[in-house]
Amino acid sequence: MRVAFGVLGPTVAESDGRALALKGPRHRAVLARLVVARRRVVPVTHLVGDLWTDPPPGAVGAVQTFVAALRRVLEPDRPSRAPARLLVTDGPGYALRPEPDAVDAWCFETAVGAAARLPATQALPRLEEALALWRGPAYAEFEEEDWARGERSRLAELRLQAVERRARTQLDLGLAAEAVPDLDVHLAAHPWREDAWRLLTLALYRQGRQGDALGVLRRARAVLADQLGVDPGPRLRRLEADILAQDPGLDPPAGPTATAARLWTRTAAAYDRTVAAGARARLETTVSLIRNLAVTGGGGLAAARQHRMEAVAAAEEFGDPDLTARVIGAYDVPAIWTRSDDPELARRIVEAAERALTASPGDAHEAARCRLLATIALETRGSRAPRGPQAAREAEEIARRLDDPALLAFALNGAFMQSFTRAGLAPRRDAIGAELVELAARHDLVTYEVLGHLIRLQARGALADFATADRHAAAVDRLAERHELPLAGVFTQWYRALRLAASGQPAGAETAYRDAAARLDGAGMPGLERGLLPLALLCLRVQHRRRTWSDTGPGDTGPGGSDPGGSDPGPVEIDLGADWGPYRPWAMPFALLASGRRAEARAALRALPEPPRDLMYEACCCLEAVVALEVGDRDVLERARTRLLPAAGELAGAGSGLITLGPVEAHLADITTALRAPTSPVPPR
């Protein structure tokens with residue numbers, strides 16, 4: 001169950017759109033106080049002081065009761081003795097550890113910060129998205145509490161700045177009329193904001209309303225004098241003089257950004273007037289827009305996922321399988337990550353595509369059929385079902401037969417997604433990437449050219465050819481900057497953290513990983529983001545431990561034993577309170593080993609599912625092998641050796657372009673040594 005928290009208004013918690021019952025005001029106060037702490041521990045003594053001016057006897061016990069009640073609400077399915085994962089006990093107090101995108105205030109800050117780094121056309125929707133999160137004053141019911149006062153003030157000021165930044169962005173885009181109503185409301189509540197008066201005046205002037213603009217300046221002068229006893233500042237005085245002089249510098253920007261924005265507004269209005277509301281053409285136009293939205297960044301990608309299935313469902317209502325096929329197939333957005341961002345949506349898209357294939361007549365357009373098959377191949381990524389590989393092969397055959405470059409690029413993306421049936425297929429993926437780069441460059445398919453470079457970056461990393469991988473990373477960055485594709489840079493930043501890890505620089509790599517993870521906040525890719533940072537740090541620490549052991553020599557004892565030479569670097573420490581996402585099962589044995597619970601670690605190891613058939617397959621297999629070496633589990637070691645042998649020449653995990661556990665060959669050597677000496681486990685080299 002994923003829990004989201006709201007503090008931009010009254011404090012609330014919800015799951016799957018359903019409000020959770022938080023009981024009384026002190027329960028809400030505890031929850032809000034922990035949100036203010038931003039995942040840090042709040043000692044019980046501080047909570048007592050924050051909840052009561054004069055704490056009663058038993059206040060500590062009351063806080064513990066509030067926490068227990070909150071845990072029952074937030075994690076209702078948690079077994080009675082299992083450790084909490086969301087509201088955790090840590091040292092002298094408690095910490096709330098939600099996902100980075102699970103608190104509306106944090107999402108607001110992330111979106112506002114991201115907007116500051118984006119061009120105006122992309123910044124405006126991010127600011128709209130951020131401001132829509134507000135339901136009232138932040139921490140509304142705790143305005144008198146000292147612990148909330150600073151955070152309330154900080155968020156309120158950030159909101160005011162966001163409103164004014166949105167207005168500036170609208171003016172930069174030539175959308176002066178759209179800026180006026182919100183600025184009017186803003187100034188009614190905050191009349192001392194001189195920059196808001198300036199923006200409103202400029203917005204009115206750019207609409208040709210010079211008299212209204214001067215009237216706003218007179219009103220600003222009166223309000224500032226009456227409420228603050230001050231005259232307007234120099235910027236407002238200069239603006240008044242410029243308006244009276246009709247200074248050309250006040251005119252709307254004539255740059256390409258403003259021109260494009262005005263063209264978009266006028267064209268959209270003309271389309272809306274001309275094309276009937278129920279026309280099928282609207283659906284196909286809409287899905288093309290959704291496709292473009294998906295490559296613009298976090299907010300756009302999330303919105304595209306939301307609206308994609310709506311478009312498919314609307315197409316199916318017409319009862320025309322050809323229309324449905326076109327709507328499904330038009331969403332040919334390149335995909336590099338092999339875990340779905342929304343598995344339920346993927347399932348529904350596949351079902352719709354299969355229905356369209358079944359309903360299409362025998363002489364159906366082959367290109368439409370190819371797109372449906374490629375969609376199935378993409379959306380069944382990571383699955384062990386044979387349908388995905390079969391659909392990928394058939395789509396590629398049709399595309400090659402039709403000699404359609406765009407169609408072939410889409411089909412090759414499906415083939416890439418289905419190239420994880422076993423370990424050791426980096427050369428196959430490298431060939432797919434090379435064909436995509438050449439095909440896309442020749443036919444100006446920019447997004448697929450980026451995809452091809454990313455695939456080759458991953459594959460050459462897996463093959464330890466970092467010089468070539470570096471060149472592909474640089475090519476991705478050039479294309480992304482030139483064509484405004486911000487999500488591509490997320491992958492190259494993670495790749496450069498991997499490079500530090502692979503070159504034996506753990507401190508620099510950890511810093512780089514944390515910086516890269518921060519860029520994932522709000523990127524709209526939960527299938528990539530969830531669990532990635534904890535997994536990267538686990539792999540980094542396992543690698544560092546292996547190097548430490550190799551440098552010092554293993555001595556005469558196994559891991560966890562006593563070596564007088566000091567060669568045992570100790571267990572790998574991990575934080576189970578972090579959001580491990582789908583990788584939690586592989587983290588659990590390490591956590592149990594670190595606490596000395598070897599029997600439980602062995603049981604957790606035995607209970608592991610088969611790793612998903614995706615970019616993390618070899619890494620998960622190697623993590624299993626590391627634990628199996630620690631606990632001496634021959635069966636798991638045999639299984640790991642069988643799985644990993646085809647990848648003997650690769651770097652474990654580096655095929656993801658994100659993480660690494662070092663050469664697979666070294667892991668295989670450790671396994672072989674351990675299996676030859678069954679009486680005692682052998683430490684990793």
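Considering segment 549-564, the residues that are open to solvent by 40 Å² or more (accessible area, probe 1.4 Å) and assigned to a helix (DSSP H, G or I) include one that is modelled with the highest pLDDT, namely Ser550.
Each residue in segment 428-478 was checked for being open to solvent by less than 50 Å² (accessible area, probe 1.4 Å), over 25 Å from Ala501 (Cβ atoms) and among the hydrophobic types (A, V, I, L, M, F, W, C), and 8 of them qualify. Being part of a helix (DSSP H, G or I), over 28 Å from the mean Cα position of the chain (by Cα) and at pLDDT below 95 holds for only one residue in Ala395, Ala441, Ala367, Ala399, and it is Ala367. Each residue in segment 609-621 was checked for being modelled with pLDDT under 95 and closer than 18 Å to Asp635 by Cα, and 3 pass.
Answer yes or no: is there a residue in segment 279-288 that is open to solvent by 40 Å² or more (accessible area, probe 1.4 Å), under 24 Å from the mean Cα position of the chain (by Cα), closer than 16 Å to Val333 by Cβ and among the β-branched types (Val, Ile, Thr). No, the conditions are met nowhere in segment 279-288. Can you find even one residue in segment 367-380 that is open to solvent by 30 Å² or more (accessible area, probe 1.4 Å), in contact (Cβ under 8 Å) with a residue 12 or more places away in the chain and more than 24 Å from Gly657 (Cα to Cα)? Yes - at least one qualifying residue is present in segment 367-380. Pairing residues of segment 85-108 that are touching a residue at least 12 places away in the same chain (Cβ under 8 Å) and of a type in the set (Asp, Glu) with residues that are open to solvent by 20 Å² or more (accessible area, probe 1.4 Å) and assigned to a strand (DSSP E or B), at Cβ distances under 8 Å and at least 6 apart in sequence or on separate chains, gives Asp104/Ala4. Pairs linking a residue in segment 503-522 that is within 15 Å of Ile659 (Cβ to Cβ) to a residue that is open to solvent by 80 Å² or more (accessible area, probe 1.4 Å), with Cβ atoms under 6 Å and 6 or more positions apart or on different chains, are Pro506/His544. One residue alone among Arg28, Arg85 is part of a helix (DSSP H, G or I), open to solvent by 20 Å² or more (accessible area, probe 1.4 Å) and either modelled with pLDDT of 95 or more or within 28 Å of Leu155 (Cβ to Cβ) (or both), and that residue is Arg28. Within segment 205-228, the residues that satisfy the criterion of being surrounded by 19 or more Cβ atoms within 10 Å (Cβ to Cβ) and either at pLDDT 95 or above or of a type in the set (Gly, Ala, Ser) (or both) are Ala213, Ala220. Among residues of segment 130-144 being over 29 Å from the mean Cα position of the chain (by Cα) and open to solvent by 70 Å² or more (accessible area, probe 1.4 Å), the one that is nearest to Thr11 (Cα to Cα) is Glu141.
Evaluate the following for Gly489: is it part of a helix (DSSP H, G or I), within 28 Å of Pro612 (Cβ to Cβ) and touching a Leu at 6+ places or on another chain (Cβ under 8 Å)?
no
Hey, does segment 38-51 have a residue that's out of contact with any strand residue (DSSP E or B) (no Cβ under 9 Å at 6 or more places or on another chain) and of a type in the set (Asp, Glu)? So far as segment 38-51 goes, no, none of its residues is out of contact with any strand residue (DSSP E or B) (no Cβ under 9 Å at 6 or more places or on another chain) and of a type in the set (Asp, Glu). When Ser595 is tested against (1) under 30 Å from Glu75 (Cβ atoms); (2) modelled with pLDDT under 95; (3) within 30 Å of the chain's Cα centre (by Cα); (4) open to solvent by 40 Å² or more (accessible area, probe 1.4 Å), exactly one condition is not met: (3).
Evaluate segment 352-362: report whether one residue or more is open to solvent by 20 Å² or more (accessible area, probe 1.4 Å), without any contact (Cβ under 8 Å) to a residue 60 or more places away in the chain and among the polar types (S, T, N, Q). Taking every residue of segment 352-362 in turn, at least one turns out to be open to solvent by 20 Å² or more (accessible area, probe 1.4 Å), without any contact (Cβ under 8 Å) to a residue 60 or more places away in the chain and among the polar types (S, T, N, Q).
For segment 91-105, the candidate set comprises residues that are at pLDDT 90 or above and over 19 Å from Leu22 (Cβ atoms); within that set, the residue that is surrounded by the most Cβ atoms within 10 Å (Cβ to Cβ) is Gly93. From the list Pro125, Pro181, Pro119, the lone residue that is buried (at least 17 other Cβ atoms within 10 Å of the Cβ) and modelled with pLDDT under 95 is Pro125.
Pairs are defined by a Cβ separation below 8 Å, a sequence spacing of at least 6 or placement on different chains, a first member in segment 322-351 that is touching a residue at least 12 places away in the same chain (Cβ under 8 Å) and more than 21 Å from Phe420 (Cα to Cα), and a second member that is assigned to a loop (DSSP other than H, G, I, E, B) and among the hydrophobic types (A, V, I, L, M, F, W, C); the pairs so defined are Asp322/Ala364; Thr324/Phe318; Ala325/Ala364.
For Pro43, are the conditions met, namely being closer than 23 Å to Ala591 by Cβ and open to solvent by 20 Å² or more (accessible area, probe 1.4 Å)? So Pro43 does not fit the description; no.
Look at Ala604 and say whether it is open to solvent by less than 10 Å² (accessible area, probe 1.4 Å) and out of contact with any Ser or Thr (no Cβ under 8 Å at 6 or more places or on another chain).
No, not satisfied.
Pairing residues of segment 387-409 that are within 11 Å of Arg369 (Cβ to Cβ) with residues that are open to solvent by 10 Å² or more (accessible area, probe 1.4 Å) and among the small types (Gly, Ala, Ser), at Cβ distances under 7 Å and at least 6 apart in sequence or on separate chains, gives Leu402/Ala367; Leu407/Ala367.
Number of residues in segment 31-69 that are assigned to a helix (DSSP H, G or I), free of Cβ contacts under 8 Å to residues at least 24 places away in the same chain and among the hydroxyl-bearing types (Ser, Thr, Tyr) equals 1.
For Ser383, the requirement of being open to solvent by less than 30 Å² (accessible area, probe 1.4 Å), at pLDDT below 95 and not basic (Lys, Arg) is not met. Does at least one position in segment 149-166 carry a residue that is crowded, with 16+ Cβ neighbours inside 10 Å, touching an Asp or Glu at 6+ places or on another chain (Cβ under 6 Å) and either under 30 Å from Val48 (Cβ atoms) or touching a residue at least 24 places away in the same chain (Cβ under 8 Å) (or both)? Yes, the conditions are met somewhere in segment 149-166. Looking only at segment 278-290, residues that are within 19 Å of Leu124 (Cα to Cα) and in contact (Cβ under 8 Å) with a residue 40 or more places away in the chain come to 1 in all.
The values are calculated or read from the model by the stated rules, or taken from the named source; none is laboratory data. On a predicted model such as this, the values are computed, not experimentally measured, just so you know. Cβ: placed from backbone, ideal geometry, glycine included. Neighbour counts: every protein chain shown. Note: accessible area is taken over every heavy atom of the protein model, side chains too, but ligands, DNA and RNA are not part of it. Shrake-Rupley method; radii C 1.70, N 1.55, O 1.52, S 1.80 Å.
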